[in-house]
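Let me begin by presenting the structure, written as structure tokens, before commenting on it.
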Amino acid sequence: MSNWGFDAQLTHIKQQHLYRSRQTVESPQGAEIVVAGKRLVNFSSNDYLGLANHPSVVKAFIKGSEKYGVGSGSAHLICGHSAEHQALEEELAVFTGRQRALLFSTGYMANLGVIAALVGKGDDVFQDKLNHASLLDAGKLSGARSRRYLHADTNRLSQLLLQSTQAKQLIVTDGVFSMDGDEAPIEQLADVAKQSNAMLMVDDAHGFGVLGQTGGGLIEKYELNQEHVPIVMGTFGKAFGTFGAFVAGSDALIEMLIQRARTYIYTTAAPAAVMAATRESLKLMQVDTWRREKLAGLNKQFRLGASQLGFDVPDSSSAIQPIIIGDSAKALSVSQQLAAQGFMVSAIREPTVPSGSARLRVTLTAAHTDTQVDALLSALDSIIE
């Protein structure tokens, strides 16, 4: 194994202050968690609506496991597709205003499966430079030619589309960008796609639950129907508070994915109990509008406080509120100092974000309190010069 040079590579990663370590959590997800015996106020979770440990969601999971057990036993196309899976797909179709929805085990698998099923050699995939790694990887693995445009630059995208002579053109974008928290110019992207006869796919993993009157994400916020955004992807591991993912679109799209998406066909279906829990969280997401309202209020409170303290906070209306530090070593140091003061805030470094843009990724949830947000701002003020 010596010729592989693992030790040297790991040493190099550490020297660049890019080494990543796991932390073992000893409690349920929530505004506070226990890590290595220490209670921390958690500003790193994607549980935006505070549903991951909601009593009725937990109860639905227990009831589902009592009825279906803890494993699905097989792939969807063999004997792993339960009544809970089917019901959730139908409810998601209504929720998104699409003809049908299809469940995937993870968001990463959904993006890989969709893009590879729809395009290949002889086609073009156009991607925002700040798209999630799963979308970028999917473009590469599909065999299609990948073209990347500057962040949110629809004019450059239009130019690239005009230059394309490939058979099919697929435009792919995050809805809410996972490391910056800003929104894609989705209305303009829909217009560009229509003018170019291209297909538009939106990964709105961080928008569902947070944006829109009933939590329907960007497509609800901007009232974009299936014709405007033919392919929309969402995940359950964020605002839903559970696990898994889905893709919604036309009947023909879903049938094509069932036949061609390898990450759907060749993997075990998620447990039915998780789908039962997700159905409950979907109901709460739509009915408990106060969760979005509270989250929006906390976002406003944090942004105002951070601005008054002079921090570099990009424009974001989502639950993701980054503070740009720049240097990876400094970002890591600030994160560690915050932990010492009782706050868990992740330091995001290269290659997750571009070199020189290391940051603290503060994520707010409806489970947080005004007092906790003020305490975080005070701690940041005492650490960051």
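Residue under question is Lys300, and the condition is that it be within 21 Å of Asn46 (Cβ to Cβ), free of Cβ contacts under 8 Å to residues at least 12 places away in the same chain and assigned by TED's automatic domain parsing to the domain that holds Ala87; does it hold? No, not satisfied. Looking only at the range 333-344, residues that are more than 11 Å from Leu380 (Cβ to Cβ), touching a residue at least 40 places away in the same chain (Cβ under 8 Å) and surrounded by fewer than 19 Cβ atoms within 10 Å (Cβ to Cβ) come to 2 in all.
Per-residue answers, yes or no, for (1) within 16 Å of the chain's Cα centre (by Cα); (2) closer than 24 Å to Lys59 by Cα; (3) acidic (Asp, Glu):
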{"site": "Met199", "(1), (2), (3)": "no, no, no"}
{"site": "Ala205", "(1), (2), (3)": "yes, no, no"}
{"site": "Phe208", "(1), (2), (3)": "yes, yes, no"}
{"site": "Thr235", "(1), (2), (3)": "yes, yes, no"}
{"site": "Phe243", "(1), (2), (3)": "yes, yes, no"}
{"site": "Ala252", "(1), (2), (3)": "no, no, no"}
{"site": "Ala261", "(1), (2), (3)": "no, no, no"}
{"site": "Met275", "(1), (2), (3)": "no, yes, no"}
{"site": "Leu284", "(1), (2), (3)": "no, yes, no"}
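You will find that of Ser65, Ser72, the residue that is in the same structural domain as Ile231 (by TED's automatic domain parsing), part of a helix (DSSP H, G or I) and in contact (Cβ under 8 Å) with a residue 60 or more places away in the chain is Ser65 and no other. Scanning for something surrounded by 11 or more Cβ atoms within 10 Å (Cβ to Cβ), at pLDDT 90 or above, in a loop (DSSP other than H, G, I, E, B) and of a type in the set (Asp, Glu), does the range 19-31 turn up at least one residue? Among the residues of the range 19-31, at least one is surrounded by 11 or more Cβ atoms within 10 Å (Cβ to Cβ), at pLDDT 90 or above, in a loop (DSSP other than H, G, I, E, B) and of a type in the set (Asp, Glu), which makes the answer yes. Among the residues of the range 151-158, is there at least one that is farther than 26 Å from Thr235 by Cα, touching a Lys or Arg at 6+ places or on another chain (Cβ under 6 Å) and either crowded, with 18+ Cβ neighbours inside 10 Å or not β-branched (Val, Ile, Thr) (or both)? No, the conditions are met nowhere in the range 151-158. Would you confirm whether any residue within the range 367-377 is without any contact (Cβ under 8 Å) to a residue 12 or more places away in the chain and either surrounded by 23 or more Cβ atoms within 10 Å (Cβ to Cβ) or within 18 Å of Asp182 (Cβ to Cβ) (or both)? Looking for residues that are without any contact (Cβ under 8 Å) to a residue 12 or more places away in the chain and either surrounded by 23 or more Cβ atoms within 10 Å (Cβ to Cβ) or within 18 Å of Asp182 (Cβ to Cβ) (or both), one finds none in the range 367-377, hence no. Look at the range 22-44: where a residue is in contact (Cβ under 8 Å) with a residue 12 or more places away in the chain and polar (S, T, N, Q) and a partner is surrounded by fewer than 13 Cβ atoms within 10 Å (Cβ to Cβ) and not in a strand (DSSP E or B), sitting 6+ places away or on another chain with Cβ atoms under 9 Å, you get Gln23/Ala36; Thr24/Ala36.
Among all positions in the range 120-143, there is at least one residue which is basic (Lys, Arg), surrounded by fewer than 22 Cβ atoms within 10 Å (Cβ to Cβ) and out of contact with any strand residue (DSSP E or B) (no Cβ under 7 Å at 6 or more places or on another chain).
The values are calculated or read from the model by the stated rules, or taken from the named source; none is laboratory data. The shown structure was predicted, so the numbers you read here are calculated from the model rather than taken from an experiment. Reconstructed Cβ throughout: ideal geometry from the backbone, glycine too, with neighbour counts over all protein chains shown.
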